[in-house]
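Student: To start, I am sharing the structure in question, which I have written as structure tokens.
The values are calculated or read from the model by the stated rules, or taken from the named source; none is laboratory data. For clarity, every value in this text was computed on a predicted model and none was experimentally measured. So basically every Cβ, Gly included, is an ideal-geometry build from the backbone, and we count neighbours across all protein chains shown.
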Amino acid sequence: MNSNLRQQRIIFQAPYQVETITEELPHPQANQVRVRVLLSGISPGTELLVYRGQFPPGVPLDENITTLAQTANYPLAYGYALVGIVEASVSPFLAEWVGRRVFVFAAHQSVLWCDVAQLIPIPNEISDEDAVFFPNMETAINLVQDLQPLIGEEVVVQGLGVVGLLTAALLAQFPLGRLIALEPAEQRRNFASVLLLDKLLPPNEFLSRIAQERVQLGSAYGVDAVVECSGSPAALQQSIDMAGYAGRVVVGSWYGNKVVTLDLGTRFHRQRIQLISSQVSHISPKLMARWDKKRLQTIVWQQIERIRPAKWITQRFKPDDAEKAYRLLDQDPQDTLQIVFDYQVGGKSNHV
């Protein structure tokens, strides 16, 4: 194997410091194949925590992903949404993989050696751009499974980032009574206009309506369920406040080390509001006897084909412009949705 190959990697050197480095590609190990990366997607919620230094210290980046099992100490490589093509294999027994498009949970980089166990084949009917959304779709499906929506229920999705949009798109397939999406940024509400939503509002406006209706209908009035995936600690309190008696709040946000202050002494206690933690690294214990990752991945690809989320890619950056990409996400999040890095020769940044 050629030992002189070079790779680009995006490194978080310190909070608010991102650098793209070029270095020699490490030598492969047995049972590995080489993947040439075409695209990688930024996960706005988690990666913004890393960029801002809000990732809890000493916590593994992701203990269920081999390449991200290390603790979050700078400098670090991060990311988990690579789409590429297998271009070489160490063993002739793995030659069948060469030429196949694959998804890999790995940090942003232009080329890598990885075990075949890490490869998730991309179906022929799925574009490279749609495939970038694999981890976010997996998260959205996990949220809906934890929510367990019932026919006729009134359900709210808090936050219309990528995960919120995908969650709303999944819930739109259910026979709900009403599906309401809340997002303070007008531009992001515009992205959701293609979805079959009953209401699309800023959170404060919806909370005001709930408060007015409680005057007439009583303190138990509220929605049946809320999915909180905004990443904002304040949104969790809003979600509790809009839930009705015994309502469910599924917490999909990961707040990192941001402080979350909640009022649990009034409505939460008296109205028996249920807080449900949802985390995609593990299948819900209620489903583990019947579901495994392979079954979940099949549903992920089916829903990606159905929803076609590539329409929500708002910016493309070359890896050399990584610092600009994260600065845009940090300073003007309302103007972004899904940012991708394009590693293809001749590809152009489109972030103006």
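Student: Within region 185-207, does at least one residue satisfy the condition of being crowded, with 21+ Cβ neighbours inside 10 Å, among the acidic types (Asp, Glu) and either under 19 Å from ILE307 (Cβ atoms) or over 18 Å from the mean Cα position of the chain (by Cα) (or both)?
Tutor: No, every residue in region 185-207 fails to be crowded, with 21+ Cβ neighbours inside 10 Å, among the acidic types (Asp, Glu) and either under 19 Å from ILE307 (Cβ atoms) or over 18 Å from the mean Cα position of the chain (by Cα) (or both).
Student: Looking only at residues in region 230-271 that are surrounded by fewer than 16 Cβ atoms within 10 Å (Cβ to Cβ) and basic (Lys, Arg), which one is nearest to GLY58 (Cα to Cα)?
Tutor: The residue in question is LYS258.
Student: For residues that are assigned to a strand (DSSP E or B) and farther than 17 Å from LEU329 by Cβ, tally how many sit in region 15-40.
Tutor: Pass one, region 15-40, residues assigned to a strand (DSSP E or B): 17-24, 32-40.
Now restrict to residues that are farther than 17 Å from LEU329 by Cβ: 21-24, 32-38.
Total meeting the criteria: 11.
Student: Which residue is surrounded by the most Cβ atoms within 10 Å (Cβ to Cβ), if the candidates are limited to region 141-161 and must be under 24 Å from LEU207 (Cβ atoms) and among the aliphatic types (A, V, I, L, M)? Step through it out loud before you land on a result.
Tutor: From region 141-161, those under 24 Å from LEU207 (Cβ atoms) are 143-144, 146-147, 149-150, 152-161; that's our starting set.
When the remaining residues are screened for being among the aliphatic types (A, V, I, L, M), the result is 143-144, 147, 150, 155-157, 160.
On the way: LEU143: 26, VAL144: 22, LEU147: 25, LEU150: 13, VAL155: 26, VAL156: 29, VAL157: 35, LEU160: 28.
Ranking the candidates gives VAL157 first.
Student: So the check is Cβ under 6 Å with 6+ separation or different chains; which pairs have a first residue in region 203-225 that's assigned by TED's automatic domain parsing to the domain that holds LEU179 and farther than 15 Å from LEU182 by Cα and a second one that's exposed (fewer than 13 other Cβ atoms within 10 Å of the Cβ) and not hydroxyl-bearing (Ser, Thr, Tyr)?
Tutor: As it stands, the answer is TYR221/GLU213, since those pairs meet every condition given.
Student: Report, ordered by the first and then the second residue, all pairs with beta carbons closer than 6 Å, sequence separation of six or more or different chains, a first member in region 314-326 that is more than 16 Å from TYR78 (Cα to Cα), and a second member that is charged (D, E, K, R).
Tutor: As it stands, the answer is ARG316/ASP342, since those pairs meet every condition given.
Student: Same structure again: Give all pairs with beta carbons closer than 8 Å in which a residue from region 161-184 that is under 13 Å from ARG306 (Cα atoms) and in a loop (DSSP other than H, G, I, E, B) meets a residue that is of a type in the set (A, V, I, L, M) and at pLDDT below 95; count only pairs at least 6 apart in sequence or on separate chains.
Tutor: ALA172/LEU195; ALA172/LEU196; ALA172/LEU197
Student: Under 30 Å from ILE21 (Cα atoms) and either at pLDDT below 95 or among the hydrophobic types (A, V, I, L, M, F, W, C) (or both), is that true of VAL132?
Tutor: Values: under 30 Å from ILE21 (Cα atoms): yes; either at pLDDT below 95 or among the hydrophobic types (A, V, I, L, M, F, W, C) (or both): yes.
When the stated conditions are applied, VAL132 passes them.
Student: Among VAL102, VAL86, VAL98, VAL111, which is the only one that is modelled with pLDDT of 95 or more, out of contact with any Phe, Trp or Tyr (no Cβ under 9 Å at 6 or more places or on another chain) and closer than 23 Å to ILE10 by Cβ?
Tutor: VAL102
Student: Moving to a separate point now. So which strands (runs of 3 or more DSSP E) stay within region 218-331 end to end and still have 2 or more residues that are in contact with a Phe, Trp or Tyr (Cβ under 9 Å, 6 or more places away or on another chain)?
Tutor: Numbers: elements: 223-228, 243-251, 274-277, 313-317.
The strands (runs of 3 or more DSSP E) meeting that bar are 243-251, 313-317.
Student: Okay, next question. If you scan region 118-151, which residues turn out to be among the hydroxyl-bearing types (Ser, Thr, Tyr) and more than 17 Å from the chain's Cα centre (by Cα)? Outline the logic, then answer.
Tutor: If we filter region 118-151 for residues that are among the hydroxyl-bearing types (Ser, Thr, Tyr), which is where we start, we get 127, 139.
Matches in region 118-151: SER127 only.
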